[in-house]
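What follows is calculated from the coordinates using simple rules that are stated; it is not laboratory data. All values derive from a computational prediction rather than experimental measurement. Using ideal geometry, Cβ is built from the backbone for each residue, glycine included, and neighbour counts are taken over all protein chains shown.
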Amino acid sequence: DTAVSQTPKYLVTQMGNDKSIKCEQNLGHDTMYWYKQDSKKFLKIMFSYNNKELIINETVPNRFSPKSPDKAHLNLHINSLELGDSAVYFCASRNGNTEAFFGQGTRLTVV
Amino acid sequence: GQQVMQIPQYQHVQEGEDFTTYCNSSTTLSNIQWYKQRPGGHPVFLIQLVKSGEVKKQKRLTFQFGEAKKNSSLHITATQTTDVGTYFCAGGSSNTGKLIFGQGTTLQVKP
């Protein structure tokens, strides 16, 4: 069983569309994250939730809205997609300061 | 805000040569973690260092945490083609739960 699973793996969409990426973890972790990885491999933290509560919200356009229906799920909704949103988005989870487990990533391409 | 800098960004070595990547934080860290991301893959946890001056080894990999807990290094002895990938350090904050990644060092190994 995959510990942290993201869907979809690939997403190609036109500018201006709205899309969602889903993430689920079956590790019983309290904290979940969304990271954006650009073409230069830089992993930029976007959001962090702890037990369904938002604890970290970095400087991210408000077109990005995370939602955590329960502590095992953290979804990311993006409105009015722009070319600059093209990247690989990673979901991750962990407990406290322990190791983080990453999902396989969602490669988003905006055309 | 907290920043984690990592150098070099890229390193090309001949198989059998050694490799080192360095990580520096703008603030004192509660711990430092290292991850490896293979091409097309997701970051995978390698190790965590917690104590000032700590040194840990995993086969050909040696990890160090600085005395001031603001810098760290990863050294690979006698690189192999299987070592190819991007190595990230990540600084943890016990106060905020943030896990901030360095820019990563992409290692290429020529056989």
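Once divided by 2.2 N^0.38 Å, the Cα radius of gyration of chain A becomes 0.99. Backbone amide hydrogens, once placed in the peptide plane, bring A:Leu43 within less than 5 Å of nothing, excluding anything fewer than 5 places away on its chain. The alpha-carbon of A:Lys71 sits under 16 angstrom from the alpha-carbons of these aspartates and glutamates, leaving out residues fewer than 8 places away in its chain: A:Glu24, A:Asp30, A:Glu53.
Amide H to amide H, with H built 1.01 Å from N, A:Asn17 comes under 5 Å of A:Leu81, counting only residues 5 or more places away or on other chains. Sorting B:5-13, A:70-78 by average packing, meaning the other beta carbons within 10 Å per residue, from highest down gives A:70-78, B:5-13. Computed from point charges on the beta carbon alone (+1 for Lys and Arg, -1 for Asp and Glu), the dipole magnitude for the protein assembly as shown about its Cα centre is near 80 Debye. For the protein assembly as shown, the direction-averaged projected area of the alpha-carbon convex hull comes to 12.1 nm². Placing unit charges on the Cβ atoms of the charged side chains and taking the dipole of the stretch A:1-86 about its Cα centre, the candidate lying farthest along the positive direction among A:Asn62, A:Ile21, A:Ser39 is A:Ser39. Taking only Cα atoms of chain B, what ratio of Rg to Rh do you get with Rh as the Kirkwood inverse-distance radius? Rounded to two decimals, Rg over Rh is 0.96.
Local charge for B:Thr28 was computed over the other residues whose Cβ lies under 9 Å away, with Lys and Arg +1 and Asp and Glu -1, and equals +2.
Spatially, the stretch A:54-111 and the stretch B:32-58 are offset by 22 Å when compared through their Cα centroids.
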